[in-house]
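Nothing in this text is a laboratory measurement; each read-out follows from the coordinates by a stated rule. Just so it is clear, the structure is predicted and the values come from calculations on it, not from any experiment. Cβ sites come from the backbone with ideal geometry, for glycine too, and all protein chains shown count toward neighbours.
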Amino acid sequence: DSGAGTMKELCTWCQEDVVEARKAGHIDSYQETLYHDRILAFRAAMDGMYDYTDQPPHFFYIHFLVLLSALYLPLFAIDNAYAAGWGPEANIGLDILNGIIVLLQCIFVVGLRSLGQKMIDPYGDDCEDLSVILYVEATLEICGIIVNSNQPAPKTAS
């Protein structure tokens, strides 16, 4: 009981409550419309969290990593080279440590970049990288949840 399906079922229950409140005379039709609009706006906002779970990473992510690898890595290496010192103050141990740190930074950033490039084209060289079947199945599942939604009966006071 988690994910978008549960949230959609709860929103359906809320809409059923609004209809029952209007039928019972607690609210008028104008208020009913406002409540339905608010519930649907909430559902649309919550859907935003689940809409991109199957999408490739954004254009910005890859270009940010390219910028990071083109500017940050060389500046980081130069900074470490100056920090290690030269001439009589040079220390071989510090040089080795800084070299290892620069190498690890390069591996990390270049690894993120290659991972991002793989994620942006997960299905190879085809033109369409969106899994349409998954969207169709998810839509059918959500429609089934909404149609089969049974709100628990209210408890009566004894």
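Annotation: peptides 11-23, 96-108, ranked by per-residue average of other Cβ atoms within 10 Å with the highest first, follow the order 11-23, 96-108. Annotation: amide H-H contacts under 5 Å for residue 27 (H modelled 1.01 Å from N, sequence separation of 5 or more, or interchain): 22. Between the beta carbons of residue 24 and residue 146, assuming R0 = 22 Å, the FRET efficiency works out to 0.45 to the nearest 0.05. Once both labels are positioned 7 Å from their Cα atoms along Cα-to-Cβ, the gap between residue 106 and residue 70 label points is 1.9 nm.
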